[in-house]
Structure formats: C-alpha cells, structure tokens
Amino acid sequence: MIIDTHCHLDSLLFSPPSCFPYLLNRKKHLEFDAFFISMSTSPLDWLTQLELSKEFKRVYCALGIHPYYVQNSDFKSLALLEKLFVGESIVALGEVGLDFTLPYKKNKTLQLELLTEQLLLAKRFDLPASLHVRKAHNEMLDILSNITVRGVIHGLGASKELARSYIDLGFKIGINGVVIRENACRYHELVRYFGLKHLVLETDFPHVKIKNLKEPFLSDIILVAGKIASLLNCSLEEVVDKTSLNAQKIFNLNGILDGK
Ligand SMILES: [Zn+2]
C-alpha cells in the first residue's frame, strides 16, 4: 500500500481522465495499491472533494481554507465546515496554513484568525491538519504550541531545527517531487537526518512537476519514494511501507482503508 497524503484531485475534473485508472486502482503504482488524501482549498471545492471521496473508494477527503483563499471566506464558511465535519466522512483539516509571502501577506490578520478557528475545530473533532507554511514559521509554531493538533507539514524545505520543532509538536514531514531536484539540498538533508520515522509521501498533484517529465502525474509518488530510498540507501519497499504506516497513524486510517 502507498498513501499520497497530499494531492488536489478536484483538478482532475479539468484535465484528461488519464489519472482515473489510478484512482480506480486499475493501473497500480508498480505493485502497490494506492490511496489518496485529496486536499481542498476553499469552500467552493468542498462539495466536489466530498463527491470524489464518495465516488472513489481509494480517495479520502480533507476540507479547509487555504491561506491563498481566505479573502473569499468568512466565519459563515467555518459554520459550514463544522457542519460537514459532523455529518460527513472527512479524514483531515486541509489544506490550511499561513503564507506571508507577497501578495498573500496583506491578508495576514485574516489568515491568522481563520487558521486558529480551523485548528480549534480540528482539535474538537480529533482530526489531523495538513499545513502549508511560507515565511510564517514563528507564527505557526506559536499557534501550534497553544492548540494541540497532530498532522503533516506539507512540502517542508526548512532547517533541521525548524523541522524538529514541528516533529516535537506531533507533526510528520510531507515529502513531494521537489526532493528529486538536484539542488534541493535542504530536502535531502531533512530526509537523511530524520529518516523514515518522520516522513510521509505526497505529490501535491498537480502543483509539482518533476524535471524532465511532461506533466505532473499521480504515479510521480513512486519517483519520490525512489529518491528517498536512494538518499537513505534502503529499498523502495521499505520507504513505501514505513511512510504508509506513518500516514495511517497520523490520519487515523487504520480500519477504514478496506472498509470504506
Ligand atoms: Zn497542496
């Protein structure tokens, strides 16, 4: 079993259906059965994500408001999110976070308010969070030290010290196709330093394109796992098995993977 802990499958609705065989498991990632946790970004795609997770047995759904989309959301959106957490089968809060790069920095206050409220909801419903953090690590760590939630810092390319702070708070590090770039030294260092115990796999499909490939693809996750195996000098199977176990634990998937 291989688990893609962070992808955006609603994008498949706007692209050729070449990925659907993977979702239906007709086309496997090598010999592995693949499961997907599809992230939403704003209330506008919540219902689509829910529909996808109902239609495809191997797709699980995360709902949340991404920092890029906070200006389109308000506290009414939070009431809807709460309602969906009560009535629907959702495995995570995501994708949420803080992004203080330009031009998103102008919404800093709103980002902080909406993130705090969403994390409080995740805590209440015992859901993990998939976090996007850019130029806002101090603020994020500050919030996480006050609100106890577990989860994944997705696409983290930071120092060992910063990664350690997140790991100590109960987070795993999500590794995607960026790790394949030759100049991604920080990613390589994090993988080598922390090893499989603290990593999960992700594609962030369709947002990360692997060098020399024409377009992003769901099966890119095998290339990510292969790169980690070469960095750690271990087998691909070991990377897939251990990262899938980490993902099952953090997203509380045990027991629901076969019985959905
Ligand atoms: Zn994403």
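The values are calculated or read from the model by the stated rules, or taken from the named source; none is laboratory data. Because the structure is predicted, anything quoted here is derived from the model rather than measured. Note: ideal-geometry Cβ built from the backbone for every residue, glycine included; neighbour counts use all protein chains shown.
Here Leu50, Leu144 are screened, and the one residue that is under 25 Å from Phe35 (Cβ atoms), out of contact with any helix residue (DSSP H, G or I) (no Cβ under 6 Å at 6 or more places or on another chain) and surrounded by 15 or more Cβ atoms within 10 Å (Cβ to Cβ) is Leu50. Counting only residues that are at pLDDT 80 or above, out of contact with any helix residue (DSSP H, G or I) (no Cβ under 8 Å at 6 or more places or on another chain) and surrounded by 15 or more Cβ atoms within 10 Å (Cβ to Cβ), how many does the range 7-34 have? Going through the range 7-34 one residue at a time, the tally reaches 3. Taking first residues from the range 29-57 that are over 11 Å from Cys7 (Cβ atoms) and touching a residue at least 60 places away in the same chain (Cβ under 8 Å) and partners that are of a type outside the set (S, T, N, Q) and part of a strand (DSSP E or B), the Cβ contacts under 8 Å between residues at least 6 apart in sequence or on separate chains come to His29/Ile2; Phe32/Ile2. For the range 126-136, the set of residues classified as surrounded by 15 or more Cβ atoms within 10 Å (Cβ to Cβ) and over 17 Å from the mean Cα position of the chain (by Cα) consists of Ala136 only. Can you name the number of the only condition in (1) at pLDDT 95 or above; (2) assigned to a loop (DSSP other than H, G, I, E, B); (3) within 16 Å of the ligand (Cβ to nearest atom) that Val149 fails? Going through the list (1) at pLDDT 95 or above; (2) assigned to a loop (DSSP other than H, G, I, E, B); (3) within 16 Å of the ligand (Cβ to nearest atom), Val149 breaks only (3).
Would you please name the residue that is nearest to the ligand (Cβ to nearest atom), looking only at residues in the range 102-135 that are within 20 Å of Ile173 (Cα to Cα) and part of a loop (DSSP other than H, G, I, E, B)? Ranking the candidates gives Pro128 first. Check Glu113, Glu139 and return the single one that is surrounded by 15 or more Cβ atoms within 10 Å (Cβ to Cβ) and of a type in the set (Asp, Glu). Within the list Glu113, Glu139, the selection yields Glu139. When the range 159-193 is filtered for residues that are basic (Lys, Arg), within 16 Å of the chain's Cα centre (by Cα) and assigned to a loop (DSSP other than H, G, I, E, B), nothing remains.
When every residue of the range 99-106 is checked against the conditions, at least one turns out to be touching a strand residue (DSSP E or B) at 6+ places or on another chain (Cβ under 6 Å) and closer than 16 Å to His6 by Cβ. For the range 194-251, the set of residues classified as under 17 Å from Arg181 (Cα atoms), in a helix (DSSP H, G or I) and away from the ligand (no atom under 16 Å from the Cβ) consists of Ile222, Leu223, Ala225, Gly226, Lys227, Ile228, Ala229, Ser230, Leu231, Leu232, listed by residue number. Looking across the range 83-103, the residues that are crowded, with 16+ Cβ neighbours inside 10 Å and more than 15 Å from His132 (Cβ to Cβ) come down to Leu84, Phe85, Ile90, Val91.
In the range 77-94, the qualifying residues are those that are among the charged types (D, E, K, R) and in contact with a helix residue (DSSP H, G or I) (Cβ under 9 Å, 6 or more places away or on another chain), and the one that is farthest from the ligand (Cβ to nearest atom) is Glu82. Could you tell me how many of the residues in the range 194-216 are surrounded by 16 or more Cβ atoms within 10 Å (Cβ to Cβ) and polar (S, T, N, Q)? Residues in the range 194-216 being surrounded by 16 or more Cβ atoms within 10 Å (Cβ to Cβ) and polar (S, T, N, Q): 1 in total.
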